[in-house]
Each structure stands twice: as structure tokens, then as C-alpha cells.
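The values are calculated or read from the model by the stated rules, or taken from the named source; none is laboratory data. None of these values were measured; they are calculated from a predicted model. Cβ atoms come from the backbone with ideal geometry, glycine included; neighbour counts cover every protein chain shown. Just so you know, the surface numbers come from the protein's heavy atoms only, side chains and all, with ligands and any DNA or RNA stripped out. Shrake-Rupley method; radii C 1.70, N 1.55, O 1.52, S 1.80 Å.
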Amino acid sequence: EREIRNEIRSAFLRSREGPVFLVGCCMLVVWVAAAAGLWHAGVDLWNDVLAVGFAHLLAGRAISIVQGTQIGLPKWLIVLVATYADMTVPFLAYPLFVYTYENFFEGRFFQKRMRPMLESAERHMGGMSRFKVVGVFCFVWLPFWMTGIIVGSILGYLLGLRRWVTLSVVSLAALAAVASWVYAYDFLFRWLSSIHQEVPLVFTSILIVVVIWSRLARRRRASRSTP
């Protein structure tokens, strides 16, 4: 069994999707190395960079931007870190999806991990089929409540876009979505602060609970629909 797994990994890395996945791995390493470099240089910023990045990967765009704003990071830095984390995700998930979809569609990994995202992308195929690049861009950009970037990249694949076109489009859309979220939340944060000093904290706590609850609810629905 171990030999079979090693052969599958080797075949994956030799496939067309292998270089894309390696780029994603390098992006992840560069991000961690940058934080480690800041730590080694004695710059306190490294902790905030790691915190915002991990919050983005684990909980999504909304939580990471809220956290970055709460700890007082400059808006341009929040945009940079959150966009970089957003861009790293499809470079890791997109090649895994394509390879397992084309080679192991009936496999347990695809059915359990990838099929819910496939079904989500298929639900949007009808409305996006005429627009393709523009449709994928808007799909990733407009719903700043969630990280639609993985489903957006799968949607690009289903629409027949070349992989580098898909990844470029979703990366630009991620930048637009993060910037929109950062400046919208910053405006809201300042406005709430003018009402009362504690209002932003209450609002932020409610927002985090709602985002986490919605994510857990989606996962429960996905697990129920997976055979």
C-alpha cells in the first residue's frame, strides 16, 4: 500500500498539475520564511503576519481581515498578506482537484474532499458559461463573505479555461475581493467607533461567530450529501 501511495505521488508530480502544486508549496514556504526572517531580524511584525496568514488559511478572508484590522496593521499590509494567502490556496487545491477528478473520480479522497466543491461549482455553471473569464472573476470577487477562490478555480476548469488563465484570473479577483473587504471593513470599523468605543468589538465578535457558524453549517451539509 505504501508503494502504491508513493507511485501515485510520483505520478502526480510528473503530471501537468505537478508544477502548479510545487509553485503553491514554494509560495507557502516563502511566506513562512518571510515571517521567520522578520522574527530573526527582531521585527515584531512577524507574529502579526503569521497570525493573519494562518487565520486566512484556516478561517477565511473575513476573519483574517477582521483580525488584521483589530491589531492595527496598515491596510496595505493586510491586503498584501491576505491576498498572498488567498493566492496560495488555489495553487495547492486546484492541481489536486484536477488530478483526482481526471484519475481518481471514484476514489475516497475525491468523493470526500473534492466532490462538495465540484458540486458547488456545477451549481454556478449555467449562469457563468457565457461569461467564462469575467464570470470566474466576478464569482471570486463579489462574495467577500467567503473564500470562493477554490470553487472559482474549479469553475474555471469546468468552463474549459487553461489552468494558468484560471489561476491568473482567480488571483486578480482575490486581490480585488481582499481590497474591497479591507477598505469596507475599515470604513465600518471607524463609523462604529464613532458611536461607542466598544461597539466595534461587539460587532466583530458577532461577525466571527456568524462566519464560523456558516462554515460549519456548509461542512455539515457537504458531509451529509457525500456518500
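Once you mark the GluC sites (Glu not before Pro) that are in a DSSP loop and have at most 13 other Cβ atoms within 10 Å, what is the longest gap between them in the chain?
2-105
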| said: Tell me the Rg and the Dmax, in Å, that the Cα atoms of the chain produce. | reply: 18.8, 63
| query | In square angstrom, what is the accessible area per residue of the chain with a 1.4 angstrom probe? | reply | 57
| request: Apply the Karplus parameterisation 6.51 cos²θ - 1.76 cosθ + 1.60, with θ equal to phi minus 60°, to every residue of the range 71-77 and state each ³J(HN,Hα) to the nearest whole Hz, in sequence, with x for glycine and proline. | output: 8, x, 5, x, 4, 5, 6
| Lys, Arg +1 and Asp, Glu -1 on Cβ, resulting dipole of the chain about Cα centre, debye, nearest 20 | 720
| query | Can you list the trypsin sites (Lys or Arg not before Pro) in the range 1-96 that are in a DSSP coil and have 12 or fewer other beta carbons within 10 angstrom? | reply | R16
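What's the magnitude of the charge dipole for the range 7-90 around its Cα centre, counting Lys and Arg as +1 and Asp and Glu as -1 at the beta-carbon? Answer in Debye, nearest 20.
Dipole of the range 7-90, to the nearest 20 debye: 200 debye.
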| query | For the chain, modelled as a Gaussian network with Cα springs under 10 Å, which listed residue fluctuates most, F189, F139, F131? | reply | F131
| note | For the range 53-208, the accessible surface attributable to carbon and sulfur atoms (probe 1.4 angstrom, ligands and nucleic acids excluded) amounts in percent to 67
